[in-house]
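These notes concern the structure reproduced below.
The values are calculated or read from the model by the stated rules, or taken from the named source; none is laboratory data. Just so it is clear, the model here is predicted, and its values are computed rather than measured. Note: ideal-geometry Cβ built from the backbone for every residue, glycine included; neighbour counts use all protein chains shown.
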Amino acid sequence: MRRMKKLATLALSAALVTSTGAFPALATSTGAQGIDLSSYSSFGPMAGNGAEIITSETAAETTADTATDAATAADSMHVFQNALGTYTAATGAIVIGPVSAIDTSALNDAQNAALDELFQNSVIIGNSIGNGFANYTKARTTDPVLKNFQSLTANGYYIEGAFEEISTTSRHPFYRGQQRFVWDSVQLMGAKHVFLSFGTTEVQYPTVIEDYQRLINHIIAVNPGVDITVISATYIYPGKYYGTMTSPNVKKFNTTMEQVCVANGWNFINVADRLSDANGDLDPVYSSDEYIHQNDLAYDIWTAALKEYGLKKLGMA
């Protein structure tokens, strides 16, 4: 009975947080469409906390109730996060959904210190959208997450182009004063956490999913043990579609890429739907050029999602 009341309260809380009033509406807006969450283990580091409570004969009954409450609270949190598209897959992949499941606006010293340590040796790889994030990080050197990012980004860089020969006309990102293949640069900088930001322009290429996997696998082959996280492609400004480069196609790309990440044990962060308007396009409030590029308000959302991912990975949320 106590469990049912808590789940009922949880459902109400989710409705208030999302302003939708119902979980089904969330399900239709997530990047997890087509994924059967029931086939995955959504019980991350928090699961089983109740079993760690030390009992005594004199307080057995009280402790049993406490353990039940702790397990119920942990279970309820996972139910809440799953409803928002956030879960941990059986492969170990962490997926951060389209609606915030964790408040990162006022973290404590312990959380900030843990995030600082976790994100050390991180790098963002991407095109002009990722380059915008890289520039955003450079102006925020006291943030426990952002201060740890290096960047391998370039305007006009794209997934298929990552395999092109380096030349005077190629768009490979520079590192240590020269253009290099990103997998080599990752090795040189000793990066341990690779975050990739591609897809908005690449949806025009029929082989984009296969090419993305090839790029990630090449990075891993040169850098064994590196942690991979894909940041979702973001949508396009209303009315600014170009051929097959449309927000609905970006949505399909994200849905598929999330499944690919889950299958391979790579992490996936959905920032696209956190930045979308009611029609599924890039909300103009987050646009810097009325096209595909984003402003600091958008990258504030990216940062919150990254912190949510970090806390989930650390078992602190």
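Numbers at a glance
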read-out	value
Residue within segment 237-249 that is part of a loop (DSSP other than H, G, I, E, B), closer than 25 Å to Thr86 by Cα, in the same structural domain as Ile159 (by TED's automatic domain parsing) and touching a Gly at 6+ places or on another chain (Cβ under 6 Å) present	no
Candidates Tyr235, Tyr158, filtered to the one that is touching a strand residue (DSSP E or B) at 6+ places or on another chain (Cβ under 8 Å), free of Cβ contacts under 8 Å to residues at least 60 places away in the same chain and under 18 Å from Phe133 (Cβ atoms)	Tyr235
Residues satisfying the stated conditions in segment 263-307, i.e. in a helix (DSSP H, G or I) and in contact with a Ser or Thr (Cβ under 6 Å, 6 or more places away or on another chain)	Ala304, Lys307
Filter result (within 20 Å of Glu202 (Cβ to Cβ), over 18 Å from the mean Cα position of the chain (by Cα) and either free of Cβ contacts under 8 Å to residues at least 40 places away in the same chain or surrounded by 19 or more Cβ atoms within 10 Å (Cβ to Cβ) (or both)) within segment 271-288	Asp281, Ser287
Exclusive hit being surrounded by fewer than 21 Cβ atoms within 10 Å (Cβ to Cβ), at pLDDT below 95 and out of contact with any helix residue (DSSP H, G or I) (no Cβ under 6 Å at 6 or more places or on another chain), set Asp69, Asp109, Asp143, Asp116	Asp69
Segment 186-207 - residue that is within 23 Å of Asp116 (Cα to Cα) and free of Cβ contacts under 8 Å to residues at least 60 places away in the same chain and, of those, surrounded by the fewest Cβ atoms within 10 Å (Cβ to Cβ)	Leu188
